[in-house]
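S.K.: To start, I am sharing the structure in question, which I have written as structure tokens.
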Amino acid sequence: MRLSVDTIRVEVASGATVLDAVRAAGAVVPTLCYDERLTPQGSCRVCLVGIRGRAMPACTTPAADGMEIRTGDETARRSAQLALELLVSQLPARALDIPAERSELVRACQHFGLTRSRFDGATRDAGADHSHPYVKLDRDLCIACSRCVGMCAEVQGTFALSLAGRGFETVVVAGTGGPWVTSPCVACGGCVDTCPSGALSEPGLADPRPIGRTTTTTCGYCGVGCSLRVHERDGSVAAITPAHDGPVNRGHACVKGRFAHAFTRSRDRLTTPLVRDGGRDSPLRPASWQEALTFAATRLAAIRDRHGPDAIGMISSARATNEENYLAQKFARAVLGTNNIDNCSRLCHAPSAVGLAASFGHAGGTNSVDDLDHTDCILIAGANPTEAHPVIGARIKQLVLRGARLIVIDPRRIDLAEMADVHVQARPGSNVAVFNGIARVLLDEGYADQDFLRSRASGLAELTALLADHPPDRAARLAGVAPETLVAAARLYGAARRPAIVYGLGITEHAHGTDGVRTLANLAILKGAVGTPDCCGVLSMRGQNNVQGASDMGALPDMLPGYQRVTDAGVRARFNRAWRAEVPARPGLRILDMFASAIAGRVRAMYVIGEDIAQTDPDSGNVRRALAACDLVVNHDVFLSTTAEHADVVFPAVPFLEKDGTFVNFDRRVQRVRPALDPPGQARSDFDILHLLARAMGADLGCPTPADAMAECATLTPTFAGISHARLDRDGPLHWPCRSPDQPGEGRLYLDSFATPDGRAALAARPYLPPGEQADTTFPYVLITGRRLVHYNSGSMSRRTPNHQLRPHEVLDLHPDDAARLGLADGDLVEVTSRRATVTYPVHLTDTVTPGQLFTTFSFPDTPTNALTSDATDTDTGCPEYKITAVSLSPVRAGRRVESRRRTADRLWR
């Protein structure tokens, strides 16, 4: 459409508003109730413009071909100014004292030259609510624009906010109007971000002192990959705001990414190397870098030379950058001479890498998250996005509110199950049975895409034969659900035109996790919902920020960067030439095999980068025995973790806010990470530490900068050949594969053919097999572990922030029926005993779990959940069965409750 704005000719797309046209013309019209992310309201009347002699709200008036718009129309201007004066008349004088860059209201007043109101109405005196550590409400500044309400409903999907009162007394309230901290608010910060008047604020941005530098980087919490703008003041983070042009988060964030940054200034940051002189009974003491490097280098070399390179095990980090992981695996292979290098994807998404590669060809999700925008049905299996990946959880809520159908397959009644058309509340460990049952319905009832299966898939005959023994009633019986529920889920997925599958650790962390991924992938193949121009595919929700990238960069015992096999002589020869070293031909040990070998005396040294394996790995008592058996333990970390307490030398490392490099998020998007802060004391990046240690061992790792490391990786790895720091800085994030500098990355894979040996998607005939550990009369309950919203993984970062006020300790979710049988009330203590350990928790009564099932996390060291967890592992990948642990419950002094606890974190973050 072509139209004019103040005689300037502009062209706008169909569906544009007058405000879009005004902005396209470069004209300025103030707004107060408008946010481009929300449905326009036109309620504030500040954006009035003249159209055919009438004053019209620019934000809600559709643009029309040939329209003539006058932003300076006198009638419109007088009306807008009058509306603004009436609005300002109810506000205290301090409302106009806020700096203009932080208040749209002040900027609107400046636009109209308004310094005071002609009206003398009574001003509000409703007070403030500062109960929440992050979201601060000044009721007297609220202009009832409803933007915060819209943000909470339309973007976050929490519906925690509303407007209450009448006339000038109308203000925002959270929940039922009590203290903000007790409301359903999830602290995404969207309300603060959109508030135009300063009524909602956060402490860092309310500080009147000027911001220093602002750096755009990628979040270092979960694997979503949100783009963040870090605002620095006096060497610390003043605030973090979501980047509005962030390709994944689109101006949104969660409580961790936006607010949980105080750990960077925690008083227990490691700022100098630590060395243990006289065995594990002696204390760690501060040392110089030279002394610590010499200590570690000398002893590593001695163990390597005396016992052989494979006497050393190295664990790299999902919190480290791609470049640091690349350097770590190069250090293991070229300096230590071993393929004993692994990362924590072994403990979470190794079944995804193996299963997706076997089904489709690449060890990552098939599509960009952007494709979710076009789906009409989402199947979520074993994932809880609103807690573990909140920005994606919010996007899924938006899609459902706009009409997409939703299937949830999860043993718990998670938040999204409340919105689901079908919730398959399957028994833990029954995933393969559920997916085979759905596949049987897809084939029996004609939902399968036979043309796709004939031309682009293999294995249909074998799968059909297996499914003959998996009718819906048998699958439902194995899963503990009604057959009609399973059939309803299958029909809903089968009838969709563009179905999407989103899954998480509830599928992979099982004794048959790879089978779970393969049989889930079967559903997309049967529907022809992968590898086509309009497909939405299969997305695997990665837990930690760079768990995808750590594996992509070759921090695996059997794979070099880009999933090139170490057993391939041609691949090794290429790396040998570039590195001027011999890459070992035999695959190395996986993480859990390293522990077993350490206890057996074959592995004599462990080198652990940025992972608290003594807290987060399964059967943690066994992990500690493995560390104690080693002659040497080297650790990099930001804090003195449980693992660091077992180390002989600890190098002070830095978190993501002080790093330079890249991360890969859950949809294979390579994104830049930039340092927003300078490291404290003598702390250094993992990249620098590896270089220094290599030099101390007489080796040169090359690639002196992270940009050089990515460049070297690109020359050796076809998958990343087109990716460089310079290109990412210029063009923004890129999906891999990106095979040359002149090609875009492939967000949607397999459009021409699948990357399997025969070019076809491979259906898998996998029967249901029982879990590795099952409940019995001695251990009658099943414990499920996972994530909660405000804490992250081991909690080493989030517990050192005000997030600990929102959840100061861990609890055990218990069904009220089980609590009644045990005589337990909410808050009572209970001993949870597995075949390996006993841990005490306060109970939280909830029907989100079913009777006989329990839920908790591993974010608190004083409730070491992973001491309980099973030593069963996935038969294909060695991934632990975190999701099923058989336990018994025993009340602790019935009636005793946990009212408060002394938190180490209370002292640390302040």
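S.K.: Answer yes or no: is there a residue in the stretch 165-180 that is under 30 Å from A318 (Cβ atoms), touching a residue at least 12 places away in the same chain (Cβ under 8 Å) and of a type in the set (S, T, Y).
M.R.: So far as the stretch 165-180 goes, no, none of its residues is under 30 Å from A318 (Cβ atoms), touching a residue at least 12 places away in the same chain (Cβ under 8 Å) and of a type in the set (S, T, Y).
S.K.: Given the criteria touching a Ser or Thr at 6+ places or on another chain (Cβ under 9 Å), touching a residue at least 60 places away in the same chain (Cβ under 8 Å), assigned by TED's automatic domain parsing to the domain that holds F687 and within 16 Å of S796 (Cα to Cα), does P652 qualify?
M.R.: yes
S.K.: Shifting gears a bit: Kindly evaluate L812 against the criterion of being buried (at least 22 other Cβ atoms within 10 Å of the Cβ) and within 30 Å of Y134 (Cβ to Cβ).
M.R.: yes
S.K.: Within the stretch 281-292, identify whether any single residue is hydroxyl-bearing (S, T, Y), surrounded by fewer than 18 Cβ atoms within 10 Å (Cβ to Cβ) and at negative phi, and answer yes or no.
M.R.: yes
S.K.: Between residues in the stretch 120-139 that are under 23 Å from G190 (Cβ atoms) and residues that are polar (S, T, N, Q) and surrounded by 14 or more Cβ atoms within 10 Å (Cβ to Cβ), which pairs lie under 6 Å by C-beta distance while being six or more apart or on different chains?
M.R.: So the pair list comes out as P133/Q805; K136/S201.
S.K.: Filter the stretch 524-575 for residues that are hydroxyl-bearing (S, T, Y), over 25 Å from the mean Cα position of the chain (by Cα) and outside the structural domain of A404 (by TED's automatic domain parsing) and give the result.
M.R.: If the condition is that a residue be hydroxyl-bearing (S, T, Y), over 25 Å from the mean Cα position of the chain (by Cα) and outside the structural domain of A404 (by TED's automatic domain parsing), then T567 is the only one that fits.
S.K.: Working carefully through the options I341, I409, I414, I378, find the one that is among the hydrophobic types (A, V, I, L, M, F, W, C) and within 18 Å of the chain's Cα centre (by Cα).
M.R.: Residue meeting the stated conditions: I414.
S.K.: Among the residues of the stretch 400-414, count how many are surrounded by fewer than 21 Cβ atoms within 10 Å (Cβ to Cβ), touching a residue at least 24 places away in the same chain (Cβ under 8 Å) and out of contact with any strand residue (DSSP E or B) (no Cβ under 6 Å at 6 or more places or on another chain).
M.R.: 3
S.K.: Identify all residues within the stretch 589-604 that are in contact (Cβ under 8 Å) with a residue 60 or more places away in the chain, in contact with a helix residue (DSSP H, G or I) (Cβ under 8 Å, 6 or more places away or on another chain), surrounded by fewer than 24 Cβ atoms within 10 Å (Cβ to Cβ) and not in a loop (DSSP other than H, G, I, E, B); write none if there are none.
M.R.: L592
S.K.: Go through (1) polar (S, T, N, Q); (2) touching a Pro at 6+ places or on another chain (Cβ under 9 Å); (3) not assigned by TED's automatic domain parsing to the domain that holds I211 for S317 and report which single condition fails.
M.R.: Single failed check for S317: (2).
S.K.: So which of L640, L692 ends up being surrounded by fewer than 24 Cβ atoms within 10 Å (Cβ to Cβ), touching a helix residue (DSSP H, G or I) at 6+ places or on another chain (Cβ under 6 Å) and either outside the structural domain of A238 (by TED's automatic domain parsing) or not charged (D, E, K, R) (or both)?
M.R.: Residue meeting the stated conditions: L692.
S.K.: State yes or no: is G235 under 21 Å from G393 (Cβ atoms), of a type outside the set (D, E, K, R), over 15 Å from the mean Cα position of the chain (by Cα) and in the same structural domain as E202 (by TED's automatic domain parsing)?
M.R.: no
S.K.: Within the stretch 305-325, is there a residue that is more than 17 Å from L560 (Cα to Cα), modelled with pLDDT of 95 or more and either in a strand (DSSP E or B) or hydroxyl-bearing (S, T, Y) (or both)?
M.R.: yes
S.K.: Follow-up question, since we're still on this one. For the list (1) without any contact (Cβ under 8 Å) to a residue 40 or more places away in the chain; (2) surrounded by fewer than 18 Cβ atoms within 10 Å (Cβ to Cβ); (3) under 39 Å from the mean Cα position of the chain (by Cα), I need the number of the one condition that T39 fails.
M.R.: The failed condition is (1).
S.K.: Another question about this same structure. Looking at the stretch 368-402, which of its residues are in contact with a Cys (Cβ under 6 Å, 6 or more places away or on another chain) and under 26 Å from D515 (Cα atoms)?
M.R.: D371, T375, H389
S.K.: Restricting the search to the stretch 43-59, which residues are surrounded by fewer than 18 Cβ atoms within 10 Å (Cβ to Cβ) and either closer than 20 Å to L105 by Cβ or under 36 Å from the mean Cα position of the chain (by Cα) (or both)?
M.R.: The one that is surrounded by fewer than 18 Cβ atoms within 10 Å (Cβ to Cβ) and either closer than 20 Å to L105 by Cβ or under 36 Å from the mean Cα position of the chain (by Cα) (or both): S43.
S.K.: Would you confirm, using the coordinates I've provided, whether T271 is surrounded by fewer than 18 Cβ atoms within 10 Å (Cβ to Cβ), in a loop (DSSP other than H, G, I, E, B), hydroxyl-bearing (S, T, Y) and modelled with pLDDT of 95 or more?
M.R.: Judged against the criteria, T271 is a match.
S.K.: Scan the stretch 174-213 for residues that are under 17 Å from P242 (Cα atoms), of a type in the set (V, I, T) and modelled with pLDDT of 90 or more and report the count.
M.R.: Final tally of qualifying residues: 3.
S.K.: Follow-up question, since we're still on this one. Does any residue in the stretch 716-738 that is outside the structural domain of T366 (by TED's automatic domain parsing) come within less than 7 Å, Cβ to Cβ, of a residue that is part of a helix (DSSP H, G or I) and small (G, A, S) six or more places away or on a different chain, and which pairs are these?
M.R.: If the second residue must be part of a helix (DSSP H, G or I) and small (G, A, S), the pairs left are L716/A578; F720/A714; A721/A714; I723/A714; S724/A711; S724/A714; H725/A707.
S.K.: Just one of the numbered conditions (1) of a type in the set (G, A, S); (2) without any contact (Cβ under 8 Å) to a residue 60 or more places away in the chain; (3) within 17 Å of C377 (Cα to Cα) is not true of A439; which one?
M.R.: (2)
S.K.: For the stretch 874-892, what are the residues that are of a type in the set (G, A, S) and either modelled with pLDDT under 95 or over 10 Å from E773 (Cα atoms) (or both)?
M.R.: The answer is G878, S888, S890.
S.K.: Of R577, R586, which residue is at pLDDT 95 or above and part of a loop (DSSP other than H, G, I, E, B)?
M.R.: Answer to the selection: R586.
The values are calculated or read from the model by the stated rules, or taken from the named source; none is laboratory data. This is a predicted model, so every value here is computed, not measured. FYI the Cβ positions are ideal-geometry reconstructions off the backbone, even for glycines, and counts take in every protein chain you see.
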